[in-house]
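*Asks:* Before I ask anything, let me first share the structure, which is written out below as structure tokens.
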Amino acid sequence: AMYARVVRWEGAEAEAMKRTAEEISSEADSGPPEGVPAKGFLLLQDPQGGKAMAISFFESEDDYRQGDETLNSMEPPGEGLGSRVAVDKYDVALEFEA
């Protein structure tokens, strides 16, 4: 089974969101952050609405737990992302890419 850690932010500034996406993208070349055994990552942004969603995928409960602990202890990426309003854990029931 795969697990998804879904984090939501609200009240973000469009420019800050753009910068954050570029920051994460440039760091992604070297793989996920240390202590985050993620198998995939998805960043969704609504610049007009000031909302963002970050989804990290993990292959096991242990990987999820470790990643969750590490990410919770890290500073949020970038400035101006607004407030983190939720961190949720989901089972990945279906994954499909065309």
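The values are calculated or read from the model by the stated rules, or taken from the named source; none is laboratory data. All values derive from a computational prediction rather than experimental measurement. Because the Cβ atoms are built from the backbone with ideal geometry, glycine has one as well, and the counts that use them run over all protein chains shown. Protein only, heavy atoms only, side chains kept; ligands, DNA and RNA dropped before computing areas. Shrake-Rupley method; radii C 1.70, N 1.55, O 1.52, S 1.80 Å.
*Asks:* Please calculate how many Å² of accessible area the chain carries per residue, with a 1.4 Å probe and no DNA, RNA or ligand atoms counted.
*Replies:* Normalised by residue count, the accessible surface of the chain is 67 Å².
*Asks:* Considering only protein heavy atoms, what is the solvent-accessible area of Leu42 at a probe of 1.4 Å, reported in Å² to the nearest 10?
*Replies:* Its heavy atoms expose roughly 80 Å² to the probe.
*Asks:* By a straight-distance test (C-alpha under 17 Å), which lysines pair with Lys89 as possible cross-link partners, with residues fewer than eight away in the same chain excluded?
*Replies:* List returned: Lys39.
*Asks:* How would you order 23-34, 1-12 from highest to lowest mean count of nearby Cβ atoms within 10 Å?
*Replies:* 1-12, 23-34
*Asks:* Return the carbon/sulfur percentage of the accessible area of the chain, one whole number, probe 1.4 Å, all protein chains in place.
*Replies:* Ligands and nucleic acids excluded, carbon and sulfur give 48 percent.
*Asks:* How many percent of the alpha carbon pairs in the chain exceed a separation of 21 Å?
*Replies:* 33 percent
*Asks:* With the crude spin-label approximation of a point 7 Å out along Cα→Cβ, what separation in nm comes out for Ser60 versus Ala86?
*Replies:* 2.9 nm
*Asks:* Name the chymotrypsin sites (Phe, Trp or Tyr not before Pro) in segment 41-98 that are in a loop by DSSP and that have at most 10 other C-beta atoms within 10 Å, would you?
*Replies:* Passing both the DSSP loop test and the Cβ count: Phe96.
*Asks:* Tell me the angle of helix 61-73 to the major Cα principal axis of the chain, expressed in degrees between 0 and 90 and rounded to the nearest ten.
*Replies:* The angle comes out near 30 degrees.
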